[in-house]
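Report on the following structure.
The values are calculated or read from the model by the stated rules, or taken from the named source; none is laboratory data. This one's a predicted model, so the numbers in the text were calculated from it and none came from an experiment. For neighbour counting, all protein chains shown are included, and Cβ atoms are generated from backbone atoms with ideal geometry for every residue, glycine included.
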Amino acid sequence: MISPRLSDTSSLDSSKNLLAFSAGVDSSALFFLLIENRIPFDIALVNYGLREESLAEEEYAIALAKEYNLAVYIAKAPQWTNNFEANARAFRYEFFHSLIDTHNYTHLLTAHQLNDQLEWFLMRLTKGAGVSELIGLQASSLRQTPKETPYYLLRPLLQSSKAELLAYLKYHTHHYFVDKSNSEDKYERNRFRANWSDMLIENYADGITRSFAYLREEKLLLEQGIETIISIKELRVLHLTSSRLRSKGADIALKELGYLLSSKQREEIAEKKSIVIGGKWAVVYQNSRLYIAPFINTPMPKIFKELCRVSAMPIKIRSYCYQNDIRPRDVMIIDKVST
């Protein structure tokens, strides 16, 4: 049997890599493919404690780590009463980021595959989205933790379908678990999976794979006019070659920060030069730059206010900068393309 395709993993051979592991089909397949390709890595698992199999999955991760001489990290999630998916994602990445900060991992690997890519595409398509939003899952993207530790988020399986991964595991008799919650109709993603994406992948996988490759190339061309010139904690400053790029720039930056814009919010950013999104994020367009930071109100001393006024720092980001010891002169830089 030919093994499922991994995207370029040449950078992983001499790197310190962390695999987000769940013991399900996708992450188990990625685990054994990394072993097969002799790529060094450790594993991290979040135990949500929601299913009977949760403890067995944790024990399986520990056993695999022992068998292959890997480090294994386990986090037990709290029991949330609402907004499970959002809370689970935030908890999961807080856990991964703590490991990256503490153990100096340079790459975080997740097992998103072709079906996941199509599910995302269809979900965003139905809500109204442009190319950048439709192609939400990238094979490689540079990120940083809240402590500003840089790392790469890699998704090596985006060209492989769920069926390919399952066939690979069965052929090699590798053990895996099936999460029954993935078929529960109460989750929107599961409805898209059951009604559309799985069927499309089953019948048109090759064409869909090629289409995503073309779309990724076009996405890069569209984003050439957007450049991140400052990234300090949760503050982003982007240079835009056109004011028409501000909703796209905001979408890219906020997605990196873990916030997804709705189609209505993107329209509001395109219409207004200064806005607060979701009661949380300040987005300000000023002099070819897009400023993005958490929106907060906190008292500031007169000297800091005066420095902000003199430097013409946007009002909506001043409190965040003051609270995080970010000096106005470090934000209001004159970049290489300024007039």
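Considered as a group, the residues in segment 59-93 that are of a type in the set (Gly, Ala, Ser) and within 17 Å of the chain's Cα centre (by Cα) include one that is surrounded by the most Cβ atoms within 10 Å (Cβ to Cβ), and that residue is Ala88.
The numbered conditions (1) crowded, with 17+ Cβ neighbours inside 10 Å; (2) out of contact with any Asp or Glu (no Cβ under 9 Å at 6 or more places or on another chain); (3) in a helix (DSSP H, G or I); (4) not acidic (Asp, Glu) are all true for Asn115 except (2). Number of residues in segment 226-251 that are surrounded by 15 or more Cβ atoms within 10 Å (Cβ to Cβ), in a helix (DSSP H, G or I) and not hydroxyl-bearing (Ser, Thr, Tyr): the value is 6. Look at (1) exposed (fewer than 14 other Cβ atoms within 10 Å of the Cβ); (2) over 22 Å from Lys147 (Cα atoms); (3) among the β-branched types (Val, Ile, Thr) and you find that Thr298 fails only one, number (2). When the residues of segment 140-172 are filtered to those that are touching a helix residue (DSSP H, G or I) at 6+ places or on another chain (Cβ under 8 Å) and of a type in the set (Gly, Ala, Ser), which remaining residue is modelled with the lowest pLDDT? Among them, the one singled out is Ser141. A count restricted to segment 210-237 and to residues that are farther than 24 Å from Thr149 by Cβ, of a type in the set (Lys, Arg) and without any contact (Cβ under 8 Å) to a residue 60 or more places away in the chain stands at 1.
Being at pLDDT below 95, surrounded by 12 or more Cβ atoms within 10 Å (Cβ to Cβ) and not in a strand (DSSP E or B): is that true of Ser28 here?
Against the criterion (at pLDDT below 95, surrounded by 12 or more Cβ atoms within 10 Å (Cβ to Cβ) and not in a strand (DSSP E or B)), Ser28 does not qualify.
Is it true that Thr102 is at pLDDT below 95, surrounded by fewer than 18 Cβ atoms within 10 Å (Cβ to Cβ), polar (S, T, N, Q) and out of contact with any Gly (no Cβ under 7 Å at 6 or more places or on another chain)? When the stated conditions are applied, Thr102 does not pass them.
When the residues of segment 118-161 are narrowed to those that are farther than 23 Å from Lys233 by Cα and of a type in the set (Gly, Ala, Ser), which ends up surrounded by the fewest Cβ atoms within 10 Å (Cβ to Cβ)? The qualifying residue surrounded by the fewest Cβ atoms within 10 Å (Cβ to Cβ) is Gly128.
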